[in-house]
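See structure below.
Only the coordinates and a few stated rules stand behind these numbers; no lab work does. Quick caveat: nothing in here was measured; it's all calculated off a predicted structure. In this analysis, Cβ positions are derived from the backbone assuming ideal geometry, glycine residues included, and neighbour counts consider all displayed protein chains.
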Amino acid sequence: MTATAPSDGGLIAANIMHFGRALRAAGIPVGPGRVLDAIRAVQTSGVESRNDFYWTLHAVFVSRRDERELFDQAFHVFWRNPKILERMMSLVLPSFSDEATTPKETLSPRVAAAFAGTDTPQIEEKDQETEITFDAAMSWSRTELLGEKDFEKMTTEEVEAAHRAIRHMRLPIEDIPTRRFQRDPAGPAIDMRATMRAAMRDGGATIPLLRRDRRSRRPPLVIMCDISGSMDRYARMLIHFMHAVTNDRDRVYTFLFGTHLTNVTRYLRNKDIDIALERVADSVTDWSGGTRIGSCLHDFNKHWSRRVLGQGAVVLFISDGLDRDAGDGVSQEMHRLRGSCRRLIWLNPLLRYDRFEPKSLGVKALLPFVDDFRPVHNLNSLTELADALNRTGPRASAEMTVWRGRAA
Amino acid sequence: MDLPQSVQETHALLARGNYIAERSLATALYLSLSMKRPLFLEGEAGVGKTEIAKVLSETLDRRLLRLQCYEGLDAASAVYEWNYALQMVEIRMAEAVGDRNRAALENDIFSKRFLIERPLLQALEPLADGPPVLLIDELDRTDEPFEAYLLELLSDFQITIPEIGTISADEPPLVIITSNRTREIHDALKRRCFYYWVDYPTAERELEILTTKAPNAPTDLSRQIVRFVQKLRDIDLFKLPGVAETIDWAEALTQLDKLALDPDSINDTLGTLLKYQDDIAKIQGSEAGRILNEVNAELAGAAE
């Protein structure tokens with residue numbers, strides 16, 4: 001650090017370095033490069049006023065809106081007395097780590113399974129009552145029977161087999177054309193640049209026409225899943241599905257909602273399903289509680305829709321439509337949601353009953369705005385979902401008119 | 001014009017361009033100008049992000065190059081393109097004359113003469129008045145590939161054209177990048193910039209802005225407008241009104257020869273302030289009346 005420190009004593013440089021470390025401990029990604037930038041920036045702007053100093057460091061260390069609050073607190077504590085922060089950290093950190101690590105010192109189920117061989121299911125069975133992190137250490141099952149079986153009626157082994165099957169599921173949403181081009185011998189347009197280069201290859205004697213076509217790309221996918229009490233078993237199964245989809249393609253955003261909305265995208269990106277589920281369980285506080293669809297949708301529309309629904313996103317809305325607030329505020333929010341996405345697909349496990357009637361207030365409020373309404377209660381329905389998503393043609397599926405008629 | 005030499009001067013420079021800025025913004029801008037790094041501005045629509053670049057180019061007397069981003073923006077429209085028609089003619093000419101060898105022709109065809117420069121390449125060219133201001137507007141509208149392309153430009157201020165080689169700037173342009181945060185920009189790009197979140201202004205600041213930007217509005221009306229808008233920003237609306245909307249509203253009311261806010265004129269002109277039907281329906285009528293009463297009570301209290 002002394003090498004880059006200003007000539008008039010390296011104290012401020014050293015302090016900036018320590019401040020950088022404090023920020024890193026607080027969760028802002030600060031590397032040595034940023035610290036060097038900060039020192040250079042402070043040299044540039046000077047340290048005459050505390051305010052300028054604050055905004056100089058702010059310009060370097062902060063790079064997202066949500067980091068502003070963290071930075072602000074850290075700044076005020078640190079630059080009043082750096083020792084305080086240190087002491088506070090030493091007070092806070094051990095208790096944090098105690099809480100965070102000791103219960104999880106237990107082996108990951110996957111590691112446990114690897115070491116224990118075949119006896120593991122008995123140990124795991126206990127875990128399943130309380131945790132959503134359960135994993136497959138099972139034999140191959142008769143997939144056909146399994147496919148028809150309702151998630152709710154599955155035994156422990158079947159649940160595990162289903163997890164295994166889900167892990168290999170993919171979601172082939174129809175690609176949408178972008179405004180970018182790629183070479184295509186049978187493309188509709190002429191690629192002038194490639195043509196000129198090809199012409200040069202034989203000295204310009206002949207000019208072979210090379211063609212190009214639009215490149216297509218998968219649209220972003222937003223999954224909103226209900227995790228209230230009535231959806232419990234399904235949500236626990238579907239989260240494996242969401243994990244598989246998240247890791248299969250880019251631009252997948254996942255939200256869980258019960259009484260409030262939680263964005264779990266970041267946790268599900270974790271490749272290891274055990275770690276991913278653990279993180280999700282830590283962040284979500286309303287598993288198996290009530291549902292407030294209207295207010296959760298409102299939250300989504302207000303805070304997230306403009307950030308994740310750009311560029312033609314497809315929305316998967318997974319819920320049984322049973323709303324504690326009896327559909328209050330749902331219509332307006334659904335209307336807006338429908339208006340900001342490319343396609344809105346509702347997956348409802350209650351559709352497994354042949355005589356399902358869209359009579360509840362929540363269902364009635366939701367139904368007019370969805371483009372597709374499908375069951376999601378067993379493995380086969382998940383597989384069929386793939387076909388439905390790949391459908392081209394008008395935005396709303398043909399069955400929707402029937403459903404809307406029945407709901408009216 | 002030379003670049004400002006301190007935060008104070010930067011602040012004054014913006015003020016000269018009729019841009020009322022927080023000191024914090026002046027600090028970030030000064031850092032970006034003197035350390036020759038892009039300034040990354042994020043904030044809601046209508047808080048004056050784009051305006052900063054315009055003011056900068058005006059007051060510093062530099063050329064403004066604007067690149068409006070959109071989905072699928074590609075190198076051909078952002079960086080450069082070859083002039084194919086001219087190239088064809090050249091090949092045809094060479095053929096007619098018949099005395100040129102292949103290598104010479106190739107060198108000739110892919111030379112700067114046949115290059116159509118787009119904003120990003122233009123920004124690297126030396127100019128008599130000093131490097132230009134490059135505004136990359138609404139970066140969040142493009143896709144990730146373009147963002148990745150920008151990395152080379154923003155860190156080394158150079159562009160690689162396969163047929164010619166690397167073109168780099170003698171003096172880097174002043175780069176302002178704006179984003180409405182409709183998606184998160186990658187950290188790798190943000191790391192190369194100074195970051196600033198442009199917030200809604202405070203009431204005093206907004207009044208200052210209004211007196212500069214809408215000088216024809218009566219003072220009392222401006223006061224009412226600012227208080228009203230500030231109160232609206234506390235309400236749960238889908239799209240909160242930005243500074244641009246405040247200015248528009250002040251101008252609209254001035255055009256209608258209003259000297260003070262009244263419920264009817266608010267209802268009639270609410271469309272300049274709120275841009276979503278739901279929001280308008282929520283505020284129009286009794287809610288607008290309630291806010292107006294609050295505003296008037298506050299102003300009366302302040303006057304005493």
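Taking a label point 7 Å from the Cα of A:D325 along the Cα→Cβ vector, which residues of segment B:261-304 have an amide N closer than 19 Å to it?
Taking a point 7 Å out along Cα→Cβ of A:D325, the residues of segment B:261-304 whose backbone N falls under 19 Å are B:278-283.
May I ask you to give the average projected area over all directions of the convex hull of the Cα atoms of segment A:221-407, in nm² rounded to one decimal?
Orientation-averaged projected area of the Cα hull: 9.7 nm².
Assuming R0 = 25 Å, can you tell me the calculated FRET efficiency for the pair B:A104 and B:S77, based on Cβ-Cβ distance, to the nearest 0.05?
Efficiency computed from Cβ-Cβ geometry: 0.25.
Over segment B:44-161, with a single point scatterer placed on each C-alpha, what log10 of the ratio I(q)/I(0) does the Debye formula yield at q = 0.10, 0.14, 0.15, 0.24 1/Å?
Each listed q corresponds, in turn, to -0.43, -0.73, -0.80, -1.35.
How much mean residue ellipticity at 222 nm does chain B get from its helices, if each DSSP H run of length 4 or more adds -39500 (n - 2.57) and you divide by all residues, to the nearest 500 deg cm²/dmol?
That comes out to -14500 deg cm²/dmol.
Segment B:1-70: which trypsin sites (Lys or Arg not before Pro) are DSSP loop and have at most 16 other beta-carbon atoms within 10 angstrom?
Here the trypsin sites (Lys or Arg not before Pro) that fit, given the DSSP loop and packing criteria, are B:K36.
Of the GluC sites (Glu not before Pro) in segment B:120-197, which ones lie in a loop per DSSP and count no more than 14 other C-beta atoms within 10 Å?
Answer by residue number: B:E184.
Rounded to the nearest 20 Debye, what is the dipole magnitude of segment A:178-304 about its Cα centre when Lys and Arg each give +1 and Asp and Glu each give -1 at the C-beta?
900
Given the options B:N101, B:N267, B:N18, state which has the largest fluctuation in a GNM of chain B using a 10 Å cut-off (strictly under) for Cα springs.
B:N101
Roughly how many debye, to the nearest 20, is the charge dipole of chain B about its Cα centre, given +1 on each Lys and Arg Cβ, -1 on each Asp and Glu Cβ, and no other charges?
400
Could you give the nm distance between label points at A:E174 and A:A25, where each point is 7 Å from its Cα heading toward the beta carbon?
Label-label distance for A:E174 and A:A25, simple model: 5.5 nm.
Over all directions, what mean area does the Cα convex hull of the protein assembly as shown project, stated in square nanometres?
Over every viewing direction, the Cα hull of the protein assembly as shown projects on average to 41.5 nm².
Could you tell me the largest-minus-smallest coordinate of the C-alpha atoms of segment B:203-297 on each of the three principal axes, in descending order and whole angstroms?
31, 24, 22 Å, listed from the longest principal axis down.
Can you give the extra length, in nm with one decimal, that the chain gains between B:S265 and B:A96 once fully stretched, where that is 0.36 nm per residue apart less the Cα-Cα distance?
Separation in residues times 0.36 nm, less the Cα-Cα distance, equals 53.5 nm.
P(r) for segment A:176-217: what percent of alpha-carbon pairs falls in each 10 Å bin, starting at zero?
34, 42, 20, 5
Taking every DSSP beta bridge that has both residues in segment B:86-238, what percent is antiparallel when rounded to the nearest 5?
The antiparallel proportion sits near 50 percent.
For segment A:260-352, run through the trypsin sites (Lys or Arg not before Pro) and keep only the ones in DSSP coil with at most 11 other Cβ atoms within 10 Å of their Cβ.
Passing sites in segment A:260-352 are A:K271.
Could you work out the per residue convex hull volume over the alpha carbons of chain B, in cubic angstrom?
Normalising the Cα hull of chain B by residue number yields 167 Å³.
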